[in-house]
Every structure is written in structure tokens, then in C-alpha cells.
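A.B. asks: For reference, the structure I am asking about is given below.
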There are 2 protein chains.
Amino acid sequence: MDKIDAKIVQALQEDGRLTNQDLAEKIGLSPSPCLRRVRNLEKAGIIKAYSATIDQKACGYPITCFVRIRLSIHTEDTIQKFEKIVEETPEILDCYLMAGGSDYQLRVVTGSLDEYEQLVRQTFQKLPGISSVETSFAYGVVKKSRVLPVKINT
Amino acid sequence: MDKIDAKIVQALQEDGRLTNQDLAEKIGLSPSPCLRRVRNLEKAGIIKAYSATIDQKACGYPITCFVRIRLSIHTEDTIQKFEKIVEETPEILDCYLMAGGSDYQLRVVTGSLDEYEQLVRQTFQKLPGISSVETSFAYGVVKKSRVLPVKINT
DNA sequence: TGATGATTGGCATATTATACCAGTTCGAGG
DNA sequence: CCTCGAACTGGTATAATATGCCAATCATCA
């Protein structure tokens with residue numbers, strides 16, 4: 001991850017559909033070595049994926065909420081069942097295991113409060129071993145960045 | 001947003017660099033109308049951007065944390081100064097305004113706990129009108145989806 | 001049924017990606 | 001200081017892809 005790689009990563013985060021030619025020009029390199037660097041970053045797993053960012057409302061999911069879930073039973077079985085449901089539920093976008101306690105924090109999208117209630121009932125309340133479910137609704141977005149900063153190693 | 005558009009949006013979330021030909025084949029359409037639909041979705045703002053997803057660790061930011069910040073003073077000036085700093089700080093990736101109280105929730109990346117401490121000191125503790133800063137560290141990621149589900153309208 | 005507007009598929013051209021080659025730079029070791 | 005070797009760079013030819021245009025098809029409504 002030298003200076004040029006950092007520029008490439010930065011540029012592709014800002015626009016993932018940049019043509020190789022435009023990218024090369026932007027970072028000050030000719031197309032050939034530029035493409036090779038991109039492929040290397042992909043192979044190395046530094047560039048993990050490309051994706052389109054979609055308008056949530058247009059997809060029918062105007063509401064974002066954060067859910068903190070605490071497990072009371074911490075057997076392998078309970079954890080696996082929980083994480084399986086997380087994985088299978090498309091409205092659950094992110095799930096982090098939080099330090100200090102056995103808390104999960106989820107980011108969930110939903111079309112309405114009713115739908116959210118349905119979701120919670122159909123997923124978590126069926127599971128054994130959940131001790132609490134706390135939901136915080138977001139009513140505004142101040143920032144939503146797709147661009148991670150990049151540190152230069154070499 | 002008919003069935004075909006939904007398929008397009010789905011596919012481009014999963015792979016934002018799909019060629020138009022592959023996309024067309026995947027959704028069962030010929031390239032021409034497929035491209036036109038994609039362009040329309042872009043113009044309509046439904047597809048908002050394309051971007052590469054990057055490995056956090058490789059960029060030097062292995063730690064993710066969530067920060068809840070409460071303002072004690074709610075003047076326009078305080079809010080604007082706060083949101084300006086949020087906007088200008090690249091380590092702050094997301095910032096949501098939360099319902100019930102004047103809380104913000106941030107998603108922040110950092111290279112180490114020391115760096116995090118520096119960040120908090122240099123940004124929030126300088127600002128007037130902040131009544132509390134609560135940080136939760138994530139020590140594991142169960143799920144991180146780039147694919148929002150899509151509802152069909154028409 | 002007939003007319004109209006939207007959508008589709010195919011084609012020609014312009015743009016882009018990719019593999020391959022030679023020239024260059026940089027660093028290690030003598 | 002010189003030589004060697006590896007890695008990187010830039011250019012080029014070819015293959016793949018995007019894009020604009022046209023006629024054909026489909027759905028809708030009178």
C-alpha cells in the first residue's frame with residue numbers, strides 16, 4: 001500500500017465505476033500499470049467488492065434503526081441460531097458484536113413501524129435466550145460516507 | 001421500480017462493476033434496454049453512486065466504534081459547528097440524528113485506542129455544548145451487507 | 001378493432017479492457 | 001563505483017464492451 005495504491009483505493013471508493021483510463025489519468029499513471037495495481041489490490045483482498053449505493057426510500061425502506069440485543073444464554077447453540085437469523089434477514093444490514101457484555105448492535109431498515117414490529121416478532125422474539133431488545137430510531141442522516149481514509153505503509 | 005428495475009438494482013448492489021452485457025443476461029433482457037434502465041435509475045437518483053468496498057484493516061483502521069453524543073445546547077450555531085466537524089472528519093463515517101432527545105450516533109473508525117482518544121480530544125472536546133460522549137467498541141463483525149432489499153411498486 | 005406511446009432488440013461505431021513486449025528504475029551485492 | 005536482477009512502467013494490438021440510432025413489438029385505451 002504505497003502512495004499510488006492509496007490514491008487508487010481512494011478514487012475507487014469515490015467512484016467504483018471509473019474506467020481504467022480515467023483512473024490512470026487521475027492518479028498520474030498510464031493505463032497498463034494502473035490496471036495491474038487494481039487487479040493486485042483485488043487479489044490481495046484490499047478491494048473487497050464493488051457495489052451500487054441505492055436510495056433507501058426508493059426501495060421502500062425509509063426507516064433506519066439501531067437495535068441493541070443482549071443474550072441471556074451464551075451457549076454455542078444460542079449464538080449460532082441468533083447469528084443465522086441475522087444472516088438470513090435482509091433487513092438486517094449490519095451486525096456488530098460489542099465489547100463489554102454480550103451485546104449485539106444491529107442496523108436495520110424497515111418500511112414502517114408496523115413492519116418493524118412484525119420483523120422483531122418474527123425473528124427475535126421466537127428465539128430463546130434473548131434478554132433484551134432496545135431499539136433506537138434514526139430520524140435524520142447527517143453523514144453517510146462510503147470513503148474510508150487510507151494510511152500509507154510503505 | 002418494476003420487477004426488472006428491482007433485479008437491476010439488486011444485481012448492481014451485489015456487483016457494481018457488472019458489465020452491461022452480463023447484467024442484461026442476468027436479468028433476462030438485451031443490452032440496449034438494460035443500459036437505458038440503468039441510466040434512468042441513475043438519473044432518478046435511485047442508484048446514487050458506485051463504490052469499491054475496502055478492507056478496513058489494510059487501510060490502517062482496524063477498530064470500529066459507535067459513539068453516542070448528546071448536546072446540551074441546541075442553538076443553530078452549536079448544531080452547525082458540530083455537524084461541520086462531523087462532515088470534515090474522515091474517520092467519522094456515519095452520523096445519524098436519533099429520535100428521542102438530541103442524540104447523535106456516529107460510526108467511527110480508528111487505528112488504535114490512542115488514536116481514538118486523540119480524535120475525541122481534537123474534535124468533540126473542543127466543542128461547546130456537548131453534554132456527553134459515550135463510546136462502544138465493536139470487537140467482531142457478524143454481518144455487513146451492501147445489499148438493501150428492494151420492494152416493487154408498479 | 002385501431003391508434004398511440006412506451007419498450008424492446010439489433011446493428012454500427014466509438015470507447016475501453018487486456019495481454020504482451022520492450023524500456024526504465026531501483027536496490028542489493030560485489 | 002559498477003553490475004545484475006527484479007519489479008515496475010508505458011506503448012501497442014486485439015478483443016470486449018458501451019452507446020446512439022432505427023425498426024419492430026407490446027400494452028393500453030378509446
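A.B. asks: Just the C-alpha atoms of the stretch B:3-43: what Rg/Rh do they give, with Rh taken as the Kirkwood radius?
C.D. replies: Radius of gyration over Kirkwood radius for the stretch B:3-43 works out to 0.89.
A.B. asks: Between chain B and chain A, with a rotation axis joining them, whose C-beta in B is nearest that axis, and what is the whole-Å distance?
C.D. replies: Minimum Cβ distance to the axis, with residue: B:Gly16, 2.
A.B. asks: Moving on. Kindly compute the accessible surface that chains A and B hide from a 1.4 Å probe when together, both sides summed, and give it to the nearest 100 Å².
C.D. replies: Chains A and B together bury roughly 6000 Å² of accessible area.
A.B. asks: Separate question: In the stretch A:127-154, which residues give up 30 Å² or more of accessible area once the other protein chains are added, compared with their chain alone (1.4 Å probe)?
C.D. replies: Those residues are A:Phe137, A:Tyr139, A:Gly140, A:Val142, A:Lys143, A:Lys144, A:Ser145, A:Arg146, A:Leu148, A:Pro149, A:Lys151.
A.B. asks: Under a Cβ-only charge scheme (Lys and Arg +1, Asp and Glu -1), can you give me the dipole magnitude of the protein assembly as shown about the Cα centre, in debye to the nearest 20?
C.D. replies: 620
A.B. asks: How many Å² of accessible area per residue for the protein assembly as shown, probe 1.4 Å?
C.D. replies: Accessible area per residue: 51 Å².
A.B. asks: Right, something else. Going Cα to Cα from B:Lys43, which lysines come in below 29 Å? Please leave out same-chain ones fewer than 8 positions away.
C.D. replies: Straight-distance partners of B:Lys43: A:Lys7, A:Lys26, A:Lys48, A:Lys57, A:Lys143, A:Lys144, B:Lys3, B:Lys7, B:Lys26, B:Lys84, B:Lys144, B:Lys151.
A.B. asks: Tell me what chain B gives for mean residue ellipticity at 222 nm when only DSSP H runs of n ≥ 4 count, each as -39,500 (n - 2.57), the sum divided by the residue total, rounded to 500 deg cm²/dmol.
C.D. replies: One gets -11500 deg cm²/dmol as the mean residue ellipticity at 222 nm.
A.B. asks: Take the alpha carbon gyration tensor of the stretch B:20-154, find the square roots of its eigenvalues, order them as a ≥ b ≥ c, and report rounded if a/c is under 1.5; if not, report prolate when a/b exceeds b/c, else oblate.
C.D. replies: Since a/c reaches 1.5 and a/b is larger than b/c, the shape of the stretch B:20-154 is classed as prolate.
A.B. asks: Show the residues, 5+ positions off or on another chain, whose built amide H is closer than 5 Å to the amide H of A:Lys143.
C.D. replies: Here the answer is B:Cys95, since their amide H atoms fall under 5 Å of that of A:Lys143.
A.B. asks: Moving on. With the contact rule set at Cα under 8 Å and sequence spacing of 6 or more, what percent relative contact order holds for chain A?
C.D. replies: Once normalised by length, the contact order is 32 percent.
A.B. asks: Additional query: Inter-copy label distances at A:Glu76, 7 Å along the Cα→beta-carbon direction, one decimal in nm, shortest first?
C.D. replies: Spelled out, the distances from A:Glu76's label point are 6.1 nm.
A.B. asks: Which distances, shortest first and in nm, link B:Gly129 to the matching position in the other copies, using label points set 7 Å out along Cα to C-beta?
C.D. replies: So the distances to the same position in the other copies read 4.6 nm.
A.B. asks: Over the stretch A:1-153, what percent of the accessible surface lies on carbon and sulfur atoms, probe 1.4 Å?
C.D. replies: 49
A.B. asks: Would you please classify the overall shape of the stretch B:57-137 from the alpha carbon gyration tensor, given that a ≥ b ≥ c denote the square roots of the eigenvalues, rounded means a/c under 1.5, and beyond that prolate means a/b larger than b/c while oblate covers the rest?
C.D. replies: Since a/c reaches 1.5 and a/b is larger than b/c, the shape of the stretch B:57-137 is classed as prolate.
The values are calculated or read from the model by the stated rules, or taken from the named source; none is laboratory data. Just so it is clear, the structure is predicted and the values come from calculations on it, not from any experiment. Cβ: placed from backbone, ideal geometry, glycine included. Neighbour counts: every protein chain shown. For accessibility, only protein heavy atoms count, side chains too; no ligands or nucleic acids. Shrake-Rupley method; radii C 1.70, N 1.55, O 1.52, S 1.80 Å.
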